[in-house]
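Shown next, in structure tokens, is the structure this report addresses.
The values are calculated or read from the model by the stated rules, or taken from the named source; none is laboratory data. Given the structure is predicted, the values throughout are model-derived calculations rather than measurements. As a convention, Cβ positions derive from the backbone with ideal geometry for all residues, glycine included, and neighbour counts pool all protein chains shown.
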Amino acid sequence: MTGEVIIAFYTFVLACVAGFQLISKVPPTLHTPLMSGANAISGITILGAIAMAGGTGGFAAHIIGMLAVLFATVNVVGGFMVTERMLKMFGSRK
Amino acid sequence: MTGEVIIAFYTFVLACVAGFQLISKVPPTLHTPLMSGANAISGITILGAIAMAGGTGGFAAHIIGMLAVLFATVNVVGGFMVTERMLKMFGSRK
Amino acid sequence: MLGAANLPLNELLAHFGYIVSILMFMVGIMLMGRVKTAKNGNRLAAGAMLLAVIAQLVQMKTIDPVWIVVGLVVGALIGAVASIRVQMTQMPEMVALFNGSGGLASLLVAVAAYAYGGIPSQPLAGATIAGSRGDVNGLAVMLSILIGGVTFTGSIIAFLKLAEKMSGKPILLPGRHAVNILLAVLVAVFIALGVWVLGGGVGLALLVLVILLSFIMGITLVIPIGGGDMPVVISLLNSYSGVAAAMAGFALGSHVLIVSGSLVGAAGLILTQIMCKAMNRSLANVVFGGFGAEAATGGGGEYKNVKSADAETAAMVMADAQSIIIVPGYGMAVSQAQHAVRELAKLLEAKGASIRYAIHPVAGRMPGHMNVLLAEANVPYEQLFEMDQINEEFKSTDVVLVIGANDTVNPAAKTDKTSPLYGMPVMNVEEAKTVFTMKRSLGGGFAQVKNTLFECPNNFMIYGDARKTLEEIAKAVKEG
Amino acid sequence: MLGAANLPLNELLAHFGYIVSILMFMVGIMLMGRVKTAKNGNRLAAGAMLLAVIAQLVQMKTIDPVWIVVGLVVGALIGAVASIRVQMTQMPEMVALFNGSGGLASLLVAVAAYAYGGIPSQPLAGATIAGSRGDVNGLAVMLSILIGGVTFTGSIIAFLKLAEKMSGKPILLPGRHAVNILLAVLVAVFIALGVWVLGGGVGLALLVLVILLSFIMGITLVIPIGGGDMPVVISLLNSYSGVAAAMAGFALGSHVLIVSGSLVGAAGLILTQIMCKAMNRSLANVVFGGFGAEAATGGGGEYKNVKSADAETAAMVMADAQSIIIVPGYGMAVSQAQHAVRELAKLLEAKGASIRYAIHPVAGRMPGHMNVLLAEANVPYEQLFEMDQINEEFKSTDVVLVIGANDTVNPAAKTDKTSPLYGMPVMNVEEAKTVFTMKRSLGGGFAQVKNTLFECPNNFMIYGDARKTLEEIAKAVKEG
Ligand SMILES: NC(=O)c1ccc[n+]([C@@H]2O[C@H](COP(=O)([O-])OP(=O)(O)OC[C@H]3O[C@@H](n4cnc5c(N)ncnc54)[C@H](OP(=O)(O)O)[C@@H]3O)[C@@H](O)[C@H]2O)c1
Ligand SMILES: NC(=O)c1ccc[n+]([C@@H]2O[C@H](COP(=O)([O-])OP(=O)(O)OC[C@H]3O[C@@H](n4cnc5c(N)ncnc54)[C@H](OP(=O)(O)O)[C@@H]3O)[C@@H](O)[C@H]2O)c1
């Protein structure tokens, strides 16, 4: 195991703790939008997809990477937009 | 700026966020013990002191490092013990 | 390649972009937890994603843009169109699909990382990605594939169940626990073989095997779970897809992936637990219980002395009522009755009645289901009340309209210790002067238990599709 | 040196130790925030520190143990003896000293890192510490020195003020803001010179200059702050010492230092704000306000119609009382009256009175001051009440004993908008049938404002040192 991977574990552990603490008392009304928003954030894998699709790894990597970009983008764009739509319903009524 | 330092910033930022969230509603009774306990934790600098005192950096580093170990240990040992004493007062009465 | 050497400017900028976007994600998630700030939270997170993508492009020295652009444009189009065209009531299915898409993306990223030159013999992404090599990379690739694959097929099954393209009933294969254990052992062996025994180099055949197994596991994990539990399952799978992204981050040495992915993983897990708690269930119970399957044999139970009424009678009673509370449930969603409800409420308000809506936290089939539907029908916000706020008010209320709710208004949850619902907080509708319950039959709700409300002397069933019933009542009110 | 190479086993183990200890620190801090779990939290954190130290020793390949052992043993002895011998009432001073010690240690670590071979030309700690070189290291060394130095002298001043070895009054030098700005600019210039202009190599002279300046800044920052604000200042300095440790971590490339240090830095900052809030102040007000200095000119105000009583009279009234509430304040700490209070309370209880203690959140000179003192005197836990719990009870109480409290029982805080105390929640002691207020004079409290309680018709002053007064009353009760 290399030093870099070990350091990555520090960030991993810290991010888990931060994630655990971020959500405490969410009213039931917001469960679905929050789930949907978090789902969109999990599309962060799009960065890896971009690196693969646009990198210098040959045809197979390009193709697979492109597909990864596509699916990740569906997740990101669709996720944030659908969340926005749900939240609009709450917002427009205050 | 090197890659390692950048990565260190990730942990720095995450730790700050985690620290901010750890403490939310502390009853006034616990302010002092908590302060004192956190103070003891800040003695973590003892690790750096040990690395300096016991490393291979020559006489000056040894001496200064030893002093650093000494002061850091005062902070750590004294800090935790004094906190324990304060908290004992609360605990013994339940 | 991150190391002791000084970073070029573009990498430096990229990393600052990543760090800022991580902070924005965290604040965004926090804001999304409160009604007032939720919208800003979502936008902040979306902005963070944009920033992270830009930072990624800045970080890469040589870009072959075609592939990226094609993927981005097509993906964005699909995502945008799908999210605009989806009906409010189909949100849960949609979220499931998006989530599966994200899981598949993480799987593909890991495969691409492998295709990039094999793990770990060749450098990965040149200067653009930190290239820590070794067993861990192989392991991360494998785990990213495994978790991504499970997320993918699991989400598809969840989608199919929610969209009712597949029976919502739990499908309990004989010996399913043994099968699951076998699958887990198999996949562990393949991963270990690929990563350690073959010396950190993952063979293509093993990779394909792991992909296949992950797909199968996603299916076997989700089919035994009842359709009603799908929201919890989706939330759990959402947590998984975060972990898959984090694993892809380990594989590529990308800290922003690791951090954001594990952030979502942890937050999603907590959210899942909160959702379970609101349903008075445990997570283990949802995942392993096959809950609803066993109970389903119980059916709706035998009923005695059930009274019913027709739309005209109900209209008469309501027209005279001073205070009316409307209690919607899953049946309102099924019959798409939200607009009809609002119309009737307007008519009754015009007649001088005070109208309030009582929302049970787990009414419907996903948290917030009723809120979203009623919002779609433009029900005024100040008429909506959470259960805790209104539960004491029923006893001083003239008429309660139960619209396709069942479990959430079942008094047995308060009294019958043998009921599967026992302990779940329910609405005290039976305390009102008169209750009208609209549903198609005496059939059971999600939990398939007998509802003692139906036998209460002050309760009247109005059989039929809820929307039709409501429209009939509205017509009668208008005419009468 | 962390990099792409595979780590040796000892480093691997060390890092896992660090990660576990970080988790333990975090959980420990969390637990310390609740009364029930606070003790376990402290012990968990202490265990984490031990684990981290062991991990550090494991990580180092070649150890020259003498220096370490000497430092550890001597330091542990000093710390242990000091913490055992300190009196409960001197806790705040002690914490200030410990904190200063930690700040000094961070400063020394940074200096040692410099002595280790200069920054950044030579490798730092061989294989034992990640060796990222460059400007950042120089900057981190400088910042560690600056913040450590400020923490050190600032804490010493706080100690002197709290221990009353130095006047608690704010010392406001003319033009102090200008001086502070000048100092800040100077130190910034020296640091920039050392780190960037001189090319990343820090000259020894510049280093010494920064040390000196940091010491001066610690003093000038703390002397204008009144003694009563010292707890807040200590909490702030505690946050600083965490940041100093984090900076030392950057200098040495040690993630466990960075993480734990910034954890304490952030948590300390939040705690400081919570403490300020409890005192109805803002942080800026504490740090820049010189609060108490300006107000001190106001003195105690003019009083009319103040009644007083002697110990015998008070004893008679108390002996007949059914319900008694004791309200301690800073004066109880000054006169060390906690044991005398408890003795008197016992006597009165024997006579059939119900005794309760009402603790204002900011009574005394540090949060929890009264709790710690009364705990020392073994007051039963169930007799202690926080202000919110008991504030409604005063009106149905026969006798209130105010022991050296002043600001916390001042009714003007509720009514007089011009009072500096206005808005601070206070105890409604004046609503009781009879109030006895024990203090040496009509002198002001911490805020130096007129206390309208003293003019209330049902209030009687008993002048004199609180402990003596209490002993006299006890004697009279016994005899009477
Ligand atoms: N909210 C969540 O997150 C969530 C997630 C998973 C599970 N659950 C569970 O779902 C249940 C929700 O309770 P609930 O009271 O809302 O609903 P419910 O107990 O599921 O009952 C819904 C009722 O609606 C009736 N219905 C169906 N279609 C209808 C139509 N077209 N017109 C009129 N009525 C119709 C059905 O009776 P007929 O067949 O007789 O018409 C059924 O009894 C709870 O048990 C909860 O634990 C909730
Ligand atoms: N708790 C905290 O964290 C904290 C921190 C900083 C500031 N503060 C501030 O401190 C104040 C605390 O209020 P408080 O009501 O506890 O006390 P106070 O307002 O400070 O008043 C204490 C009183 O005790 C009397 N006293 C002093 N020595 C005495 C002795 N030997 N025997 C009898 N009486 C004696 C003094 O009057 P004589 O001189 O007439 O005897 C003085 O008026 C608040 O204003 C609070 O904001 C609190």
Problem - Evaluation of D:VAL334 against (1) of a type in the set (Val, Ile, Thr); (2) more than 30 Å from D:PRO92 (Cα to Cα); (3) modelled with pLDDT under 90 (one fails), failing number - result: (2)
Completion exercise
When D:VAL306 is run through (1) within 16 Å of ligand 2 (Cβ to nearest atom); (2) away from every other protein chain (no Cβ under 14 Å); (3) more than 15 Å from D:MET461 (Cα to Cα); (4) not aromatic (Phe, Trp, Tyr), the failure sits at (3)
Handout entry: Residue check for C:THR397: in the same structural domain as C:ILE359 (by TED's automatic domain parsing), more than 14 Å from ligand 1 (Cβ to nearest atom) and at pLDDT below 90
Key = no
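Residues checked against (1) more than 8 Å from chain A (Cβ to nearest Cβ); (2) touching a residue at least 24 places away in the same chain (Cβ under 8 Å); (3) under 18 Å from the mean Cα position of the chain (by Cα):
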| residue | (1), (2), (3) |
| --- | --- |
| C:LEU237 | yes, yes, yes |
| C:GLY242 | no, yes, yes |
| C:ALA246 | no, no, no |
| C:SER254 | no, yes, no |
| C:ILE270 | no, no, yes |
| C:ILE274 | no, no, yes |
| C:MET279 | yes, yes, yes |
| C:SER282 | yes, no, yes |
Handout entry: Residue in segment B:55-62 that is facing another protein chain (nearest Cβ under 7 Å) and touching a residue at least 12 places away in the same chain (Cβ under 8 Å) present
Key = no
Practice task
Take C:LEU269 and decide whether it is crowded, with 24+ Cβ neighbours inside 10 Å and assigned to a helix (DSSP H, G or I).
Solution key: no
Exercise for the section: For segment C:32-52, state whether one or more residues are surrounded by fewer than 20 Cβ atoms within 10 Å (Cβ to Cβ), within 10 Å of chain A (Cβ to nearest Cβ), assigned to a helix (DSSP H, G or I) and more than 22 Å from the chain's Cα centre (by Cα). Expected result: yes
Exercise for the section: Determine the pairs where a residue that is polar (S, T, N, Q), located within segment B:7-33, has a partner that is part of a helix (DSSP H, G or I) and modelled with pLDDT under 85 with Cβ atoms under 6 Å apart, the partner being 6 or more residues away or on another chain. Expected result: B:THR29/D:ASN371
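Please tell me if C:ALA55 is farther than 18 Å from A:PHE80 by Cα, in contact (Cβ under 8 Å) with a residue 60 or more places away in the chain and in a helix (DSSP H, G or I).
Taking the combined requirement at face value, the residue satisfies it.
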Exercise for the section: Test D:MET279 against the criterion of being at pLDDT 80 or above, away from ligand 1 (no atom under 16 Å from the Cβ) and at negative phi, and give yes or no. Expected result: no
Fill in the blank from the handout: Given the conditions (1) assigned to a helix (DSSP H, G or I); (2) closer than 22 Å to C:LEU107 by Cβ; (3) out of contact with any helix residue (DSSP H, G or I) (no Cβ under 6 Å at 6 or more places or on another chain), every one holds for A:GLY57 apart from (1)
Practice task
Could you please give the count of residues in segment D:63-82 that are more than 7 Å from every other protein chain (Cβ to nearest Cβ) and over 13 Å from B:ILE63 (Cβ atoms)?
Solution key: 4
Problem - In segment D:302-327, residue modelled with the lowest pLDDT [restricted to those that are surrounded by fewer than 15 Cβ atoms within 10 Å (Cβ to Cβ) and more than 19 Å from D:ALA350 (Cα to Cα)] - result: D:GLU302
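Given the residues D:VAL210, D:VAL197, D:VAL189, D:VAL232, which is the only one that is buried (at least 24 other Cβ atoms within 10 Å of the Cβ) and away from every other protein chain (no Cβ under 14 Å)?
Residue meeting the stated conditions: D:VAL210.
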Exercise for the section: For C:ALA358, indicate whether it is more than 14 Å from C:ILE473 (Cα to Cα) and buried (at least 18 other Cβ atoms within 10 Å of the Cβ). Expected result: yes
Exercise for the section: Can you give me the number of residues within segment C:382-406 that are over 14 Å from C:GLU430 (Cβ atoms) and either crowded, with 22+ Cβ neighbours inside 10 Å or within 16 Å of ligand 2 (Cβ to nearest atom) (or both)? Expected result: 2
Problem - Looking only at segment C:20-31, and only at residues there that are buried (at least 20 other Cβ atoms within 10 Å of the Cβ) and facing chain B (nearest Cβ under 8 Å), the one that is farthest from B:ALA8 (Cα to Cα) - result: C:MET26
Problem - Count of segment D:85-136 residues which are buried (at least 23 other Cβ atoms within 10 Å of the Cβ), at the interface with chain B (Cβ under 7 Å from one of its Cβ atoms) and at pLDDT below 80 - result: 7
